[in-house]
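Colleague: Okay, here's the structure, questions in a sec.
The values are calculated or read from the model by the stated rules, or taken from the named source; none is laboratory data. Please read these numbers as outputs of a predicted model, since none were measured by experiment. Neighbour counts are summed over all protein chains in view; Cβ atoms, including those assigned to glycine, are modelled from backbone coordinates with ideal geometry. Remember, those area values only see protein heavy atoms, side chains included, never the ligands or the DNA or RNA. Shrake-Rupley method; radii C 1.70, N 1.55, O 1.52, S 1.80 Å.
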Amino acid sequence: MRNTVLSAHKGTGSKEKVAFYNSWAESYEEDVAMLEYRAPFLAAECIASHFTREKERAVILDVACGTGLVSRNLKKMGFCHFVGVDGSEKMLSLAKETGLYQELKHCMLCEDPLPVQDELYDVVVIVGALSDGNVAVEIIKELWHATKPGGYVCMTTRGNVDNLEYKAELERVIQAMEEEKKWSRVAVSVVDEWEKAVSEHECGYIPGVVYLYQKAF
Ligand SMILES: C[S@@+](CC[C@H](N)C(=O)[O-])C[C@H]1O[C@@H](n2cnc3c(N)ncnc32)[C@H](O)[C@@H]1O
């Protein structure tokens, strides 16, 4: 399991990365449970605690949805309408089996345009995919476009040594968009025990961050 997770963190081309996720899909949930991966719950909790409108009516775009862990957590917190996007066919077919999603779309993020209508979603969420070797930071602008004015964008990243450069770049882009008044900060939550460490030079738990921003009206 340790080597599998290290492969997920490794920098490869996006085609290789998605092929890797296809091969991991069947045992993904079991493996991340062993890792005490809490990002889907933490992101859902952050969204649910700041979302001020009727949750039952909100439409959520779950980007890099994987097997559906984020939407599953959001469902438990009162949200009902989900659209999922992912580059892995195998992940998408497992997400379909959950019966949670109204629509599931295949997309190679940052290569193909996000296959959704602009300004339609009350919440756009991306969990576990913004990190070195996964989805490039440029995707954030597309997430912003898909969000309704006044809607929310929720993002997560890891804060371990191997991902610090990526995290700094992510925060630079987030802040630049804040300065351009594209969105405003709602919550940034640093979590020390994000998930168990897997690399040789880390032990215990690695930290992570949930970012929640509200798109300008
Ligand atoms: C670690 S999983 C996270 C899944 C889910 N959000 C969760 O938290 O359990 C990362 C997901 O991102 C997808 N992914 C990674 N790189 C991608 C890319 N370039 N285009 C589309 N999907 C990608 C993978 O297929 C995988 O389902």
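Colleague: In the range 95-108, which residue that is within 9 Å of the ligand (Cβ to nearest atom) and either open to solvent by less than 30 Å² (accessible area, probe 1.4 Å) or touching a His at 6+ places or on another chain (Cβ under 8 Å) (or both) is farthest from VAL18 (Cα to Cα)?
Modeller: Filtering first and then ranking leaves ALA95.
Colleague: Can you confirm whether PHE51 is modelled with pLDDT under 95 and aromatic (Phe, Trp, Tyr)?
Modeller: So PHE51 does not fit the description; no.
Colleague: Of the residues that make up the range 57-66, is at least one assigned to a loop (DSSP other than H, G, I, E, B), more than 9 Å from the ligand (Cβ to nearest atom) and surrounded by 16 or more Cβ atoms within 10 Å (Cβ to Cβ)?
Modeller: Within the range 57-66 (the criterion being assigned to a loop (DSSP other than H, G, I, E, B), more than 9 Å from the ligand (Cβ to nearest atom) and surrounded by 16 or more Cβ atoms within 10 Å (Cβ to Cβ)), the answer is yes, since at least one residue qualifies.
Colleague: Go through the range 170-189 residue by residue and tally those that are open to solvent by 30 Å² or more (accessible area, probe 1.4 Å), over 17 Å from THR147 (Cα atoms) and assigned to a helix (DSSP H, G or I).
Modeller: 5
Colleague: Follow-up. Step by step: first the residues of the range 190-217, then only those that are aliphatic (A, V, I, L, M) and touching a residue at least 60 places away in the same chain (Cβ under 8 Å), then the one that is surrounded by the fewest Cβ atoms within 10 Å (Cβ to Cβ). Which residue is that?
Modeller: Restricting to residues being aliphatic (A, V, I, L, M) and touching a residue at least 60 places away in the same chain (Cβ under 8 Å), the top hit is ALA216.
Colleague: Mind checking which residues of the range 33-46 are open to solvent by less than 10 Å² (accessible area, probe 1.4 Å) and either near the ligand (Cβ under 8 Å from one of its atoms) or in contact with a Cys (Cβ under 6 Å, 6 or more places away or on another chain) (or both)?
Modeller: ALA39, PRO40, ALA43
Colleague: Moving on to the next point. Taking the range 67-80 as the search range and keeping residues that are more than 12 Å from the ligand (Cβ to nearest atom) and at negative phi, which one is surrounded by the fewest Cβ atoms within 10 Å (Cβ to Cβ)?
Modeller: LYS76
Colleague: Out of SER27, SER49, which single residue is open to solvent by less than 50 Å² (accessible area, probe 1.4 Å), away from the ligand (no atom under 11 Å from the Cβ) and of a type outside the set (Phe, Trp, Tyr)?
Modeller: Step by step, each of SER27, SER49 is checked, and only SER27 is open to solvent by less than 50 Å² (accessible area, probe 1.4 Å), away from the ligand (no atom under 11 Å from the Cβ) and of a type outside the set (Phe, Trp, Tyr).
Colleague: Name the one entry in VAL135, VAL116, VAL153 that is open to solvent by less than 10 Å² (accessible area, probe 1.4 Å) and either touching a helix residue (DSSP H, G or I) at 6+ places or on another chain (Cβ under 7 Å) or within 13 Å of the ligand (Cβ to nearest atom) (or both).
Modeller: Only one candidate passes the filter, namely VAL153.
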